[in-house]
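Below is one structure; the comments refer to it alone.
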Amino acid sequence: MEIYKPRRGIAIYELMFFIIAVNIIIYFGVQFFNTYTEVSLVKIFSVAFSIYCLFYVLQTVTLRYKIHSSGVEINALWGIKKIFIPYEKIDGYNVQTGAIKGMNLSGVGRTMYNYGRSVIEDVGTSHMFVTSSKQVLYIHTDEISYGISPNDIDSFLAMFKEKGIDQKNFEIKYNKNRDLFKEKSFLFPFMLVALIIVYMTLNPFVLYLMNKLPDNMPLFFDATFRPVVEGTGKQFAFRQMTYGALNMIILFCMHYAAYFCAKYDKRSAYKYIYIALLISSVFLAIQIRILHLYL
């Protein structure tokens, strides 16, 4: 077994810059938000974005490519993320230099580095582990391609020549069946989001009809969760129903984005429904907190 490090690039520096810049902007910018809901969403975005970027920073630091006697291994995060590609499944390869030309489906990346899944010109849908675009090797299989950037690409090319694997251009394949509701990994979170939206929309209205809401209810809170505008129980119920309608629109948009993404790669499509799940969960938690304090 031979182990190769990835070619050095700007990925780590740029991702760390994004983390620092976004958190600085949010730290000072949050002062311009005057409602608790807005502040909560922004803070959660900051935490999620920082964790997301740190994940790929760690992946970059630990990334290794290995040549075995039976295949190629991509290893990251100390073996937690490991992909093995047997030689018999490899039907060709492609080498590209310069800016990465394609469309990101998931992960992070620009023209100089790329992690996640992307649709690459002359290659198709690819699982990317590329730290530098100076020389990118795409290993193609019938299911998906894998993009890597080893510091010694010549060793990989010599190995492919020895195995009789040729360099080729490949067409982009499209998924004809994009019925995501047949997939449990999509259907379950979708149904969960729908149930959350229905509950957060109807619950305050039902409480109002049952005369369980106080005569005065807070409608808006400042960043410290102190009521700044109050109204009747009816106004509170309709305000919460408006939030429910907003989340329904977000769910619809995320479903459309997932359907478009599934044209190229179904696994990349699932992330959109989890974005809707996160947002709806925040609104639900805020509503539960209000009702807990004022009922």
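Screening the candidates Ala269, Ala257 for the property of being assigned to a helix (DSSP H, G or I), touching a residue at least 60 places away in the same chain (Cβ under 8 Å) and under 26 Å from Lys176 (Cα atoms) yields one hit, Ala269. If you check Lys81 against the conditions, is it modelled with pLDDT under 95 and of a type outside the set (A, V, I, L, M)? Taking the combined requirement at face value, the residue satisfies it.
Checking each residue in the stretch 1-37 for being more than 21 Å from the chain's Cα centre (by Cα) and under 30 Å from Pro86 (Cα atoms) picks out Met1, Glu2, Ile3, Tyr4, Lys5, Pro6, Arg7, Arg8, Gly9.
The selection criterion, being modelled with pLDDT of 95 or more, touching a Ser or Thr at 6+ places or on another chain (Cβ under 8 Å) and open to solvent by 30 Å² or more (accessible area, probe 1.4 Å), does not hold for Tyr113. Just give me the residues in the stretch 160-183 being within 17 Å of Gly71 (Cβ to Cβ) and either surrounded by 15 or more Cβ atoms within 10 Å (Cβ to Cβ) or without any contact (Cβ under 8 Å) to a residue 24 or more places away in the chain (or both), in sequence order. Matches in the stretch 160-183: Phe160, Lys161, Glu162, Gly164, Ile165. Scanning the stretch 141-200 for residues that are farther than 26 Å from Lys101 by Cβ, small (Gly, Ala, Ser) and modelled with pLDDT of 90 or more yields Ala158, Gly164, Ala194. Scanning the stretch 10-39 for residues that are of a type in the set (D, E, K, R) and open to solvent by 50 Å² or more (accessible area, probe 1.4 Å) returns a single hit, Glu38.
Residues in the stretch 269-295 that are modelled with pLDDT under 90 and under 18 Å from Ala48 (Cα atoms) were compared, and the one that is most open to solvent (accessible area, probe 1.4 Å) is Lys271.
Among the residues of the stretch 1-45, those that are touching a helix residue (DSSP H, G or I) at 6+ places or on another chain (Cβ under 9 Å) and acidic (Asp, Glu) comprise Glu2, Glu38.
For the stretch 40-51, the set of residues classified as closer than 20 Å to Ile80 by Cβ and open to solvent by 90 Å² or more (accessible area, probe 1.4 Å) consists of Ile51 only.
The values are calculated or read from the model by the stated rules, or taken from the named source; none is laboratory data. These figures come from a predicted structure and were not determined experimentally. Using ideal geometry, Cβ is built from the backbone for each residue, glycine included, and neighbour counts are taken over all protein chains shown. Accessible surface is based on the protein model in full, side chains and every heavy atom, while ligands, DNA and RNA are left aside. Shrake-Rupley method; radii C 1.70, N 1.55, O 1.52, S 1.80 Å.
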